[in-house]
Structure formats: C-alpha cells, structure tokens
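The values are calculated or read from the model by the stated rules, or taken from the named source; none is laboratory data. From a predicted model like this one, the values you see are computed outputs, not experimental measurements. Heads up, the Cβs are rebuilt from the backbone with ideal geometry, glycines too, and the neighbour counts pull from every protein chain shown.
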Amino acid sequence: MIAIVNAFVLCYAALFPIVNPIGSAPLFLGLTQFASEKSRNALARRVAIGSFFLLLGSLFVGSHVLEFFGISLPVVRIGGGLVVTAFGWKLLNSDEKPDGERAAENATATVPDAFYPLTMPLTVGPGSISVAITLGTQRPKSAGLSTLAQFDFGAIAGIVAIVGTVYLCYRFAESTVAALGKEGTNVVVRLSAFIMLCIGIQILWSGWKDLGPAFH
C-alpha cells in the first residue's frame, strides 16, 4: 500500500506544476469563449481523455524508445532530472509562461479542436511528456512483480488524478478563475514549482547513484 501511495504522490506532484491545470484554466476559457457551455464541457472531457493517453504512453513506452536508441536508464534519469529541475526553477523564479501558453496566444478566435491546441500543447506539452518519460524510468526493475504492479497502479492513479484535475479546472474554468484570482493562481503555481524542483533533484540523484559504480 505504501508503494502505491508513494508512486501516486510522485507522479501527481511531478506532473501537476508543468501540466498546470489551474494556470491553464484561463487560457482554456479564453480559447473556448465562442463555444456554448455544453460544447465547452464536452471539450474539457475530450481534453482530459486525450491527456490521459498521452501521459500514459509517455510513462510506459517513452523510456523504452530511448533504450532502443542505446540511451541507458541512469542517463535518462539524470537528463530527465535536469529537465524537471530546470522547469521547476524557471517556474519558481520567472514570469515566463508555461507549456502551451505561447501557442494559445496565437490561436484564432474560433472554437478550437480538442486535440490541438487544447490537449497538445496547451495541457500536455513537451515539458509534460519529458516529465512522464522520466517518471517511467523510476519503475523498479530488479524488484518483484508485485512491487512493479504496485508502482504501476500508483502511477496510473496519479495520471488519472491529474487528468481529473484538468477536467474539473476546465469544466469549471469560469468559477475557478473568479475564486482564485490572479494572485491566488500565482501562489499555487509557485508552490507547485518548488515541489517540482525538489522532485527533479531527487530523480537526478537517483540516476547519479546508479551510474556511481561505473566510475570505480
């Protein structure tokens, strides 16, 4: 049970700052301003479903694709840890806009497609995919089948929780934006960025420890 909870927390805490459903809710609201409430709700549901499959595929398949090209898992962990740390640092210390926001600014004033740009890159962009791939490298390799199943169950539950948060934030975008306001949204983003920074350093350290014997 502890392994499931740990995997759930790791997955959710790492993905939340870069997916940033609260920060993306105003963008989703702006992009769908010409849609009816019913259409906006349907778009929110389709975005959540599409985000789930993108993140799930990145989590379970992404690291194997890298292995196919001869990139070892410790190196992937170090590289991914650096990426996660860099994203966390950038979100924590700058006002630069997160995944997909630049693309959202250039979108036309019509009802957009559910996949592009609402699912990718607004919700799940390159940063989110790289984080999911990095999390996939954290799957236990030498442990028993039971431990692996527990990690996978917790990770999938974390992704479900993320896309559920995305759906709720998009579904109730108007009330979310009104309740938090600009300052409240910024506080949530900053706190999440700090957690992401710490997780990135932890993943980096894990990869470095795995490479340690190669230097002896």
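All but one of (1) crowded, with 16+ Cβ neighbours inside 10 Å; (2) more than 12 Å from the chain's Cα centre (by Cα); (3) at pLDDT below 85 hold for Tyr170; state the number of the condition that does not hold.
For Tyr170, the failing item is (3).
Can you tell me which residue is farthest from Val177 (Cα to Cα) among those in segment 23-37 that are among the polar types (S, T, N, Q) and surrounded by 18 or more Cβ atoms within 10 Å (Cβ to Cβ)? Walk me through how you get there before you give the answer.
Initially, segment 23-37 is screened for residues among the polar types (S, T, N, Q), giving 24, 32-33, 36.
Retained after the next criterion (residues that are surrounded by 18 or more Cβ atoms within 10 Å (Cβ to Cβ)): 24, 32.
Working: Ser24: 10, Thr32: 14 Å.
Among those residues, the one meeting the criterion is Thr32.
Output yes when any residue across segment 89-102 is closer than 23 Å to Ala157 by Cα, at pLDDT below 75, assigned to a helix (DSSP H, G or I) and in contact with a Ser or Thr (Cβ under 8 Å, 6 or more places away or on another chain), and no when none is.
Among the residues of segment 89-102, not one is closer than 23 Å to Ala157 by Cα, at pLDDT below 75, assigned to a helix (DSSP H, G or I) and in contact with a Ser or Thr (Cβ under 8 Å, 6 or more places away or on another chain), which makes the answer no.
Which condition number does Leu43 fail, the rest of (1) crowded, with 19+ Cβ neighbours inside 10 Å; (2) not in a helix (DSSP H, G or I) being met?
(2)
Suppose the filter is modelled with pLDDT of 75 or more, in a helix (DSSP H, G or I), of a type outside the set (Asp, Glu) and within 21 Å of Leu168 (Cβ to Cβ); does Phe28 pass it? Write out each step before concluding.
Numbers: modelled with pLDDT of 75 or more: yes; in a helix (DSSP H, G or I): yes; of a type outside the set (Asp, Glu): yes; within 21 Å of Leu168 (Cβ to Cβ): yes.
Taking the combined requirement at face value, the residue satisfies it.
Provide a single number: the residues in segment 126-155 that are assigned to a loop (DSSP other than H, G, I, E, B) and at pLDDT 75 or above. Walk me through it before giving the result.
First, pick out the residues of segment 126-155 that are assigned to a loop (DSSP other than H, G, I, E, B): 137-144.
Still in the running and at pLDDT 75 or above: 137-140.
Result for segment 126-155: 4.
Evaluate the following for Asn6: is it within 30 Å of Glu174 (Cα to Cα), touching a residue at least 40 places away in the same chain (Cβ under 8 Å) and surrounded by fewer than 20 Cβ atoms within 10 Å (Cβ to Cβ)?
Details: within 30 Å of Glu174 (Cα to Cα): no; touching a residue at least 40 places away in the same chain (Cβ under 8 Å): yes; surrounded by fewer than 20 Cβ atoms within 10 Å (Cβ to Cβ): yes.
Judged against the criteria, Asn6 is not a match.
Could you please find all residues in segment 180-210 being over 19 Å from Ser128 (Cα atoms) and modelled with pLDDT of 80 or more?
Trp205, Trp208, Lys209
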